[in-house]
Every structure is written in C-alpha cells, then in structure tokens.
Amino acid sequence: MSAIDFYIVDVFAPQKYKGNQLAVFLDLEQIVSAEEMLHITREINFAESTFIRSVEADGSFGVRIFTTEYEVPFAGHPTLGTAYIIAKQLSEVPSGEIILRLKKGDIPVELNRPDELEESRFTMQQAQPDFYGTIDSSLVASALGLAEDHLDPHMPIEVIDTGLPYLIVFLRDLKSIQQIRLDSSKLERFLKSQRLHKENSSTGLSTSLFFVTPETVDPEHHYHARMFVLEDGSIWEDAATGSANGCLLAYLLKHVEPEISVVVEQGYEMGRESLLYLNGKLKNNNYILKVGGRVVSVGQGTWSI
C-alpha cells in the first residue's frame, strides 16, 4: 500500500487553533488521481486541501487545490499554507519568495522572515481582478433575507473575481453582520437567478458571499468580515478567506482609495479569530493586490493511498 505525507496548518492565525485550517499533501510522485484528491479532501473535511505535485525547473511548485465539492483554480489560505510547508519541508535554503503554479496561473508568495518561519508573514500577490457588475441592494436584501436598512447605502454590491468569484456586500455595523442568517434554498435560487451558480455561471464556479463592515471588534483593525459559501447544498462559513479579501482589496481600491493598507478581522463568530493584512495600489488600471498573514503548524502524518 502506498502512502503520502501530509501536514495540518492554521492560516491567517494569530496563534494555534485560530485562523483557517488546511491540509497539505506531498505528492511529488503524482500517485494520487484527481478523484482520489477529492475523496481525501472530503474525508479530512476542511474547507480546502492542497496537493504539492511537482518541483519545476524554474524553482516553482505545481499545486492543486480542492474543496469538498470540486477542484478550484485558486484559493487564498491554501496558497499561503502550502507556501509555508514548501519553505519548511522542501526548501534547503531559506528564500524570500516561493512561486506556486496553480490552475489560475503563477502566484508569488513573499516571506518577510524566511529564516524564522513561525514568525514570518506570508504574503501573496493575487491576479488582476475581474469586475462582473453590481446588483441592486433591495434585490440582494430580499433574496438573502437581510434587513435592507442593515446594508451600507454608500457601498455598491458588486461581484469581483481574482481567481474565485465573490459578491461583496457592505453592512452598516457589527450587529448587522453578526445577525446574518442565510437559507441554503434561498441562496441557491438567488445565485441561479443571477447566473452566479456553478450550473449557469461563466466560470463554472458558484459565487460566494463576503460581508464586510468598518466597525470592528478590535479598534486597531479596519474591517470585520464574514464569508459564506454554498457547497454540497449546504452553507459553510469560512474562518479566513484570502481570495475574498483580495477581492475586497480590489473593491476598496476601486471605490475608496487608490492606495490602501488595512487589517481585516474574520472568523470571530466561529471562535477562530483570524487576521489578514491587505496592501494594494491602483495605478493606470493595474491592480497590485497583496494579502498576507501568519501560518501556524498544527500536526503531520501519513495518508494511505
């Protein structure tokens, strides 16, 4: 029986057992099929699992990312968590940059302290955003069961994609974001009506919901966020979502300021407090989108194939 090594990490985590959980599998001999990768991801039942599949001639690393529903071209916390495992397990000499070769394209990850991985901030630069248009706030409120007066009337509701699509929805305050209660059937109908469901979207992926408010639990932070995704007919909440925060950064650069550096808190409602550091610039219609955070090691083992 064959086996591969795997590692468990918490990403965007201020400490162990916070942030977003990730399983990273080393499969450099490529013995695991796509079907088996999906089965493994469902078995471990985190939001995503990643599989390191190759070390390329240029020093980049081929990586595949799976949710419990399907393979995705990009995801935020899996990118950073995988870069951490590469730095710790596959890099002989500390490096300030690791490049992941994903289905979306090559994603560079910077390490500000490569010689001290446990203290380092891992920062990815995301791809150029696609803006798919705005949706009327009254329609969103009605479809999702939100009180319309909880929505921030000054911030348009917009679909943005830097590798995964998100509907960015700004709410007025913490109370509004903490009271969110979504119904999976209503959400599925809404996504299909807007052609944002995997069955009829242009990307073949379902758009997730990213709720944001400028009122925060910690006054030193700038935004408080929650992310919800419809997978396997159920709604999941994510503790820390790097891809969604990249889309939020693009949104802020477009609608607020052309250069921004902010800290986003997420996962507080789940008891998995997470911190994401966003730095971006918009110039000549070119978006520089950097999202970073810490990665904490949790455990490791072998997986029978």
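The values are calculated or read from the model by the stated rules, or taken from the named source; none is laboratory data. Being a predicted model, the structure only gives us computed values, none of them experimental. Heads up, the Cβs are rebuilt from the backbone with ideal geometry, glycines too, and the neighbour counts pull from every protein chain shown. Only protein heavy atoms, including side chains, enter the accessible area calculation; ligands, DNA and RNA are left aside. Shrake-Rupley method; radii C 1.70, N 1.55, O 1.52, S 1.80 Å.
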Item checked: Residues with amide H under 5 Å from that of Glu231, placed H, sequence gap 5 or more -> Trp236
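Skip the ligands, DNA and RNA, and give the accessible area per residue of the chain with a 1.4 Å probe, whole Å².
Solvent-accessible surface per residue comes out at 43 Å².
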Next item on the list: Mind jotting down the distance between the C-alpha centroids of region 232-265 and region 26-104, whole Å?
Entry: 22 Å
Checklist line | Summed residue charge, Cβ within 9 Å of Val296's Cβ, Lys/Arg positive, Asp/Glu negative | finding: +1
Next item on the list: Have a look at Asp130, Asp232, Asp106 and tell me which one the Gaussian network model of the chain (Cα, springs below 10 Å) gives the largest fluctuation.
Entry: Asp232
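Could you please report the charge total around Gly81, scoring K, R as +1 and D, E as -1 over all other residues with beta-carbon less than 10 angstrom from its beta-carbon? Present the calculation step by step, with values, prior to reporting the outcome.
Numbers: positive: none; negative: Asp10, Glu48.
Counting the neighbours of Gly81, the net charge comes to -2.
Find out how many positive minus negative residues lie around Leu282, taking Lys and Arg as positive, Asp and Glu as negative, among other residues whose Cβ is under 11 Å from that of Leu282. Each step should come with its number before you reach the end.
Working: positive: Lys254, Lys281, Lys283; negative: Glu257, Glu259.
Here the charged neighbours net out to +1.
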Item checked: Max mean-square fluctuation residue, GNM over the chain, Cα-Cα springs under 10 Å, options Glu69, Glu257, Glu48 -> Glu257
Checklist line | Using θ = phi - 60° and Karplus 6.51 cos²θ - 1.76 cosθ + 1.60, couplings along region 163-170 (whole Hz; Gly, Pro as x) | finding: x, 9, x, 9, 9, 8, 10, 8
Checklist line | Estimated vicinal HN-Hα couplings, Hz - region 228-238 in sequence order (Karplus 6.51, -1.76, 1.60; Gly, Pro = x) | finding: 10, 10, 9, 9, 6, x, 10, 9, 10, 9, 9
Item checked: Under Karplus coefficients 6.51, -1.76 and 1.60, residue-wise ³J(HN,Hα) of region 120-135 in Hz, glycine/proline x -> 6, 9, 9, 10, 9, 9, 8, 6, 4, x, 9, 9, 9, x, 9, 10
Check: By how many degrees, 0 to 90 and rounded to 10, does the Cα axis of helix 184-193 deviate from the longest principal axis of the chain?
Finding: 80 degrees
Notebook entry, point to check: Taking the alpha-carbon centroid of each part, what is the distance from region 112-128 to region 278-301 in angstrom?
Noted result: 8 Å
Next item on the list: Quick one: angle between helix 242-255 and the longest Cα principal axis of the chain, in degrees between 0 and 90, rounded to 10, please.
Entry: 40 degrees
Margin query: So I have (i) 15.2; (ii) 18.1; (iii) 16.6, and one of them is mean projected area of the Cα convex hull in nm² calculated from this model. Which one is it?
Written below: (i)
Next item on the list: Return the subset of Lys16/Lys198; Lys104/Lys254; Lys104/Lys290 for which the Cα-Cα distance in this structure is over 26 Å, preserving the input order.
Entry: Lys16/Lys198
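Heavy atoms only, probe 1.4 Å: what % of the accessible area of the chain goes to carbon and sulfur, would you let me know?
On the chain, the fraction of accessible area on carbon and sulfur atoms equals 44 percent.
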Checklist line | For the chain, built as a Gaussian network whose Cα springs stay under 10 Å, the top-fluctuating residue of Phe61, Phe210, Phe46 | finding: Phe46
Next item on the list: Find the relative contact order for the chain and round it to a whole percent, using C-alpha pairs within less than 8 Å whose residues are 6+ positions apart.
Entry: 22 percent
